[in-house]
Amino acid sequence: MATTPTTPTQLPVPSEKPQDLKFNAGKIDEFVTSMEWTYTDRFDNKHYTIEGINYLAQQVMSSFGYVTLSGVTFTTGATVSTPNEVLFNTADNSYYKWSGSFAAGPKIVPSNSTPESTGGIGPGKWLNVGDTTLRSDLAAGEKANLVGYTNPENGDESTVDETLTAKLPNVIGSVTTPATGQKFLSLKTYSGDHDFCYINGGSETKATKKYKKTGNATVTLSPVNGATPAALTVDTVGYVDPTSPDTSGTPVAPQRTSLSQLTFEGDDAGSECGLAILQGMEFRLDRLSFRKTKIALWMKDVWMTEITGLSAWGQIRHEGGTSTTYKNCFAKVIDPTVNHGAFRLSNLNYSNLISCASDGTLNTAYWFDNCDAVNVIGCGCEVPSAPPGGYGAAISIINSCNMVFDSFRCLPKPDETQPLVAVFSDNSIAFNNLCNATSGTYGWDLFVHGTGNIITFNGGKFNTGEIPKVGVSAAAAGSKIIVNTSSNKFIHVVSEGNDSVIFEPFSEYLSIDSTVAVTFGSTTTGVTTVAKDVKYRKEGGLVTVEFYLEFNGGPGQAGVMLMRNLPYVAKNIASGTVSVTRDLPSSRGQFTVTIDRGSNSLQFFKFANPTCTAVNETDITSTTAIRGSITYTVNSQFY
């Protein structure tokens with residue numbers, strides 16, 4: 001008997017070749033009885049088995065949602081016909097679906113059974129579809145992707161708790177702090193729904209949701225390493241934990257605490273501080289608000305930190321560190337016992353204040369001491385008050401500051417008697433476009449108290465125009481004030497106390513006809529018979545005087561001819577030129593003009609053989625005219 005070949009052909013369908021019929025008979029058995037989802041035909045194409053078709057049907061039915069079997073439970077017994085039918089288990093108040101096979105027909109559930117007794121629980125068995133399981137899955141292994149959430153940036157999964165913490169406020173409503181204040185940890189984010197707002201035209205504040213402290217208990221914050229900064233014992237609403245966030249090795253400074261949309265309110269009788277940070281780095285403080293505190297924010301040694309949108313009814317105090325930026329912050333102090341400054345910055349380096357404000361504060365709006373490379377950009381204040389002692393109402397700069405103020409604006413209170421800006425000793429300060437805007441009066445734009453200062457104004461607007469009103473103390477000897485306007489520059493080097501200094505201009509061109517006097521002899525009263533056209537030009541330390549003198553009658557005086565009362569005294573001897581003379585007496589030689597060291601008078605000489613002698617009344621007629629010029633050096637503060 002011949003053997004039928006087992007290798008199928010590639011003849012087109014239908015094929016009656018014996019080997020194809022034999023191959024297909026085996027595939028029918030595979031289609032019917034295999035637990036695999038697919039089989040492969042003689043052309044290497046895949047097809048679904050009955051098991052595969054059942055699986056697809058279950059998936060389709062599952063996508064339609066669950067169908068609750070009414071009136072039956074595991075206790076009564078039931079028949080489950082499709083994978084999306086769910087059966088109630090009274091023992092745990094949960095619904096279950098059958099995830100096993102329906103190839104042999106519906107799943108029969110005997111009466112008085114449980115999921116465990118009639119198939120078991122797990123994949124391919126009974127699965128709990130109640131909210132209890134969902135909550136457990138969301139909090140654990142399956143995580144928030146069960147509800148369609150993954151990190152949009154990197155695709156990572158997270159638990160619902162992690163997701164909500166990152167996306168929603170985690171400080172809800174009011175919080176009563178511990179007696180010693182609320183502690184905030186490094187590497188943590190605290191965001192709130194607090195509702196601080198201004199009321200009554202901005203003159204008052206209101207907050208119903210906040211961190212609230214009762215009593216005045218203190219906490220002591222100690223540095224991580226060494227003794228710097230010194231430990232701080234403070235009555236505060238909140239504070240950043242001063243301990244190291246890493247205990248595995250050498251201690252590190254506190255870091256990366258983020259606080260946003262939170263309000264700190266002190267005891268009803270007042271608290272010393274709202275938020276205290278002893279030291280650390282990379283803090284992010286955003287839209288924090290403070291009420292009933294003397295010092296709203298108190299930071300000691302802090303660096304690489306951003307502070308944005310603070311509303312502080314209390315002082316913002318920063319006493320050390322670097323690389324900190326304050327942006328859109330407001331501070332107001334109305335308690336006269338608080339040290340000077342709504343913004344009080346000391347020992348701070350390479351940092352910025354941008355678009356900050358202080359309105360109606362007592363005892364100086366901005367106060368700086370020992371601050372290097374600190375920039376104040378687009379900040380200002382309105383109707384601030386100055387403490388006694390010559391401090392500035394708007395700005396007090398104490399000692400050893402190197403700072404730039406760009407476009408600072410102050411609206412003084414009416415009839416302020418103190419200076420708007422006060423500078424003490426050893427400071428280098430530049431004011432670019434400082435604007436003290438008012439039509440009223442005030443003491444000074446600037447008062448300088450001490451020595452060693454270089455203060456420069458580049459542009460600006462003052463009650464006196466482009467030149468600020470400046471007063472100086474005798475103790476400020478040697479301090480230098482420079483004013484650069486749109487068309488000139490001015491300087492004053494302090495040599496004595498003065499309530500209103502007079503600046504020396506770099507460039508000046510004026511007619512001095514009415515101030516100079518032509519005299520003969522020792523009298524200082526000018527002759528009245530001479531017409532004068534006298535102008536001078538100053539450029540730094542050089543002065544040029546141009547003159548034209550025309551007599552309309554005799555001198556009426558006797559002695560050496562001088563032109564007195566020039567604006568500047570000569571630093572050195574100089575000679576000039578008399579280019580034109582007219583109607584001199586006969587036999588008179590050419591004239592020349594000189595000035596002596598330490599003098600502000602020109603003297604005229606005539607050339608005569610063998611000597612040159614001073615011009616006197618005998619060398620002048622009733623119609624003599626003299627034209628000439630002289631250039632000489634003066635003692636200038638520019639050099």
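Some observations on this one:
- Looking only at the stretch 167-189, and only at residues there that are assigned to a loop (DSSP other than H, G, I, E, B) and within 25 Å of the chain's Cα centre (by Cα), the one that is surrounded by the most Cβ atoms within 10 Å (Cβ to Cβ): 186
- Selected residue [part of a strand (DSSP E or B) and of a type outside the set (Ser, Thr, Tyr)] from 345, 362: 345
- Being within 24 Å of residue 438 (Cβ to Cβ), polar (S, T, N, Q), surrounded by 18 or more Cβ atoms within 10 Å (Cβ to Cβ) and in contact with a strand residue (DSSP E or B) (Cβ under 8 Å, 6 or more places away or on another chain) is true of residue 358.
- The set of residues in the stretch 297-332 that are on the phi > 0 side of the Ramachandran plot and either buried (at least 23 other Cβ atoms within 10 Å of the Cβ) or assigned to a strand (DSSP E or B) (or both) comprises 304, 314, 321, 323.
- Tabulated pairs, the stretch 368-379, first at pLDDT below 95, second in a strand (DSSP E or B) and of a type in the set (A, V, I, L, M, F, W, C), C-beta under 7 angstrom, 6+ apart or interchain: none
- The residues of the stretch 591-619 that are β-branched (Val, Ile, Thr) and under 14 Å from residue 563 (Cα atoms), listed by number, are 592, 593, 594, 595, 615.
- Qualifying residue in the stretch 503-518 (condition: hydrophobic (A, V, I, L, M, F, W, C) and within 28 Å of residue 416 (Cβ to Cβ)): yes
- Flag for residue 520 being within 20 Å of residue 630 (Cβ to Cβ) and buried (at least 16 other Cβ atoms within 10 Å of the Cβ): yes
- Residue match in the stretch 333-342 (condition: over 17 Å from residue 272 (Cβ atoms), among the aliphatic types (A, V, I, L, M) and either in the same structural domain as residue 269 (by the TED database) or surrounded by fewer than 17 Cβ atoms within 10 Å (Cβ to Cβ) (or both)): no
For (1) under 18 Å from the mean Cα position of the chain (by Cα); (2) farther than 25 Å from residue 489 by Cα; (3) not assigned by the TED database to the domain that holds residue 459, each residue gets a yes or a no:
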| residue | (1), (2), (3) |
| --- | --- |
| 362 | no, yes, no |
| 381 | yes, yes, no |
| 385 | no, yes, no |
| 411 | no, yes, no |
| 417 | no, yes, no |
| 422 | no, no, no |
| 427 | no, no, no |
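- For residue 205, the conditions (1) at pLDDT 90 or above; (2) crowded, with 18+ Cβ neighbours inside 10 Å; (3) on the phi < 0 side of the Ramachandran plot are fulfilled apart from (1).
- When the criteria are applied in full, residue 352 meets the requirement of being farther than 21 Å from residue 294 by Cβ, surrounded by fewer than 23 Cβ atoms within 10 Å (Cβ to Cβ) and either at pLDDT below 95 or not assigned by the TED database to the domain that holds residue 198 (or both).
- Of all residues in the stretch 604-634, those satisfying the criterion of being touching a strand residue (DSSP E or B) at 6+ places or on another chain (Cβ under 9 Å), not in a strand (DSSP E or B) and not β-branched (Val, Ile, Thr) are 617, 619, 622.
- Output for the stretch 546-582, where each listed residue is surrounded by 14 or more Cβ atoms within 10 Å (Cβ to Cβ), within 53 Å of the chain's Cα centre (by Cα) and assigned to a loop (DSSP other than H, G, I, E, B): 566, 567, 568, 569, 571
- Sub-6 Å Cβ pairs linking a first residue in the stretch 75-95 that is within 11 Å of residue 110 (Cα to Cα) to a second residue that is at pLDDT below 90, at least 6 apart or interchain, are 78/69, ordered by first then second residue.
- Residue in the stretch 530-545 that is surrounded by fewer than 14 Cβ atoms within 10 Å (Cβ to Cβ), modelled with pLDDT under 95 and either out of contact with any helix residue (DSSP H, G or I) (no Cβ under 6 Å at 6 or more places or on another chain) or among the charged types (D, E, K, R) (or both) present: no
- Being in a loop (DSSP other than H, G, I, E, B), surrounded by 20 or more Cβ atoms within 10 Å (Cβ to Cβ), in contact (Cβ under 8 Å) with a residue 12 or more places away in the chain and not small (Gly, Ala, Ser) is a property that residue 585 lacks.
- Contacts under 9 angstrom Cβ, first residue in the stretch 12-31 being not assigned by the TED database to the domain that holds residue 50, partner modelled with pLDDT of 80 or more, 6 or more apart: none
The values are calculated or read from the model by the stated rules, or taken from the named source; none is laboratory data. Every value quoted in this text rests on a predicted model; they were computed, and no experiment measured them. Here Cβ is always computed from backbone atoms with ideal geometry, including for glycine, and neighbour counts include all displayed protein chains.
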